[in-house]
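S.K.: Submitted below is the structure of interest, expressed as structure tokens.
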Amino acid sequence: MSGFRAVAGVSATFRSLLRDRMEQPVDVTVAPPDVRVVGSTGRRVNLYLYRITENGHLKNQEIPGQGHPADYGSPPLSLDLHYLLTAFGSSDDGGDADLEAQQILGDAMHVLHRFPVISDALHENDNPADPLILDPSLVGAFERLKITLQPASLDDLSKIWSALPQANFRRSVVYHASVVQIDSGRPRRPALPVRERRVYAVPLRTPYITEIVRDPSFDNVRNAIAQVGDPILILGRNLRGASTRVGLGVPPLIDIADAQDEQIRVTVPPTVPAGLHAVQVIHDLLLEGAAGQPPVPHRGAQSNAVPLLVIPRFNGIAPPAAGPGGLVTVTVTPPALARQTKLLLIGDFELAAEPVPVDGPPSSAIDFRLPTGAATIPPGSYLIRVRVDGAESRLTVNPATSLYDGPLLTVT
């Protein structure tokens, strides 16, 4: 596996290959095209790494043979390198200056065409006793270094040279080197060997939810709206399993001891915040554990998800009367999370809660400030509701008149 030096190692390998195999050897530099290379004059070939991209095909693939297949860790960084190859003649102002540069460029391209794959079997002077052309940082890598001539239009090359304002445009070609892999350095976590393999066959009885209703219904209306502490009925089929649990969108799952095939009764726990939640019925599989140990539960079939709207329970407001600019505090159950959107509806008027730190703890007390100026609420007694993430608290009803009679806020 290569380290961080592998990127520079590809450039060094390029340079070694050209220096060793060109028919008319010239100096090979690795520098930006817009700088003057000290100590190098006249005929030369320049390599410029102008772009590095991640190889999408190998992005999540481990190196084959590296560790046990059951181990898990971080895959290596797989990179594709893009080079600009430029040839320079012995002078820039001679009558055949560009012709000479073209000959040098053709010689270099001929070498890269003859050796499209550079392995650790390629030696300088084609002599096994001489050093490797492949840079030491790439020796032993699983992926071989492959060189491909890339089709680059005049527009593509112009964009590269236009980014080098101090350099004059010269004839160039683009090469693609693939693929270089850099080890992540994160240790793999070896899994324990499997001592015993077991195959279980269980009947498939997938639970299915058809409806969720509050039990009993509120105001004789069947809907999936409930407060914390309210009982709800989950209706459907195949709801009872060997081990049945209900998820209300937030942990923990609720164990159900008396589930029935067609209905499950569950109480909304205080850990569920106000808002819309997905309800699911989950059947755990109780599989045999080690000798002398109790069965081990495993996640089995789970039902479709059905929405349940958990609304806040209005507990009180203090003070019960306030004027423009006054601060009122509403208490609700369950506590509102800092990231939730909280509104106070005063009749037909809507107020946003006072800002709180986004990392603040849940709070049962929510502060609201009455508006002033042109937005002042006219004096009077108003029915009020609290809305948390779109879930709105209930109003109370006078049983004699069947009209709403609270909760109230008096604006002075």
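S.K.: Pull up the range 180-206, narrow it to residues that are among the hydrophobic types (A, V, I, L, M, F, W, C) and out of contact with any His (no Cβ under 8 Å at 6 or more places or on another chain), then point me to the one that is nearest to Leu285 (Cα to Cα).
M.R.: Per the stated criteria, the residue is Val202.
S.K.: Select from the range 244-267 the residues that are within 35 Å of the chain's Cα centre (by Cα), surrounded by fewer than 18 Cβ atoms within 10 Å (Cβ to Cβ) and among the polar types (S, T, N, Q) and list them in ascending order.
M.R.: Thr267
S.K.: Would you say Val111 is part of a helix (DSSP H, G or I) and under 28 Å from the mean Cα position of the chain (by Cα)?
M.R.: Answer is no for this residue.
S.K.: Taking the range 368-387, which residues are in contact with a Gly (Cβ under 6 Å, 6 or more places away or on another chain) and part of a strand (DSSP E or B)?
M.R.: Tyr382
S.K.: Can you pull out every residue in the range 217-243 that is among the β-branched types (Val, Ile, Thr) and touching a Phe, Trp or Tyr at 6+ places or on another chain (Cβ under 9 Å)?
M.R.: Ile225
S.K.: On the given criteria, is Leu99 in the same structural domain as Gly42 (by TED's automatic domain parsing), in a helix (DSSP H, G or I) and touching a strand residue (DSSP E or B) at 6+ places or on another chain (Cβ under 8 Å)?
M.R.: The answer is no for Leu99.
So that you can scan it fast, the table gives a plain yes or no per residue for (1) surrounded by 13 or more Cβ atoms within 10 Å (Cβ to Cβ); (2) in contact with a Ser or Thr (Cβ under 6 Å, 6 or more places away or on another chain); (3) not assigned by TED's automatic domain parsing to the domain that holds Gly247:
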site: Ile133; (1), (2), (3): yes, yes, yes
site: Ser153; (1), (2), (3): no, no, yes
site: Ala163; (1), (2), (3): no, no, yes
site: Val173; (1), (2), (3): yes, no, yes
site: Pro187; (1), (2), (3): no, no, yes
site: Pro193; (1), (2), (3): no, no, yes
site: Ile212; (1), (2), (3): yes, no, no
site: Asp215; (1), (2), (3): yes, no, no
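Every residue, every condition in (1) farther than 30 Å from Pro203 by Cβ; (2) surrounded by 15 or more Cβ atoms within 10 Å (Cβ to Cβ), yes or no:
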| residue | (1), (2) |
| --- | --- |
| Ala305 | no, no |
| Gly323 | yes, no |
| Thr331 | yes, yes |
| Pro335 | yes, yes |
| Leu351 | yes, yes |
| Glu354 | yes, no |
| Thr372 | yes, no |
| Leu383 | yes, yes |
| Asp389 | yes, yes |
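S.K.: If I filter the range 164-211 down to residues being closer than 18 Å to Tyr83 by Cβ and more than 33 Å from the chain's Cα centre (by Cα), which single residue comes out as modelled with the lowest pLDDT?
M.R.: Ala167
The values are calculated or read from the model by the stated rules, or taken from the named source; none is laboratory data. Model, not experiment: these values are computed from the prediction. Every residue, glycine among them, receives a Cβ derived from its backbone with ideal geometry; neighbour counts consider all protein chains shown.
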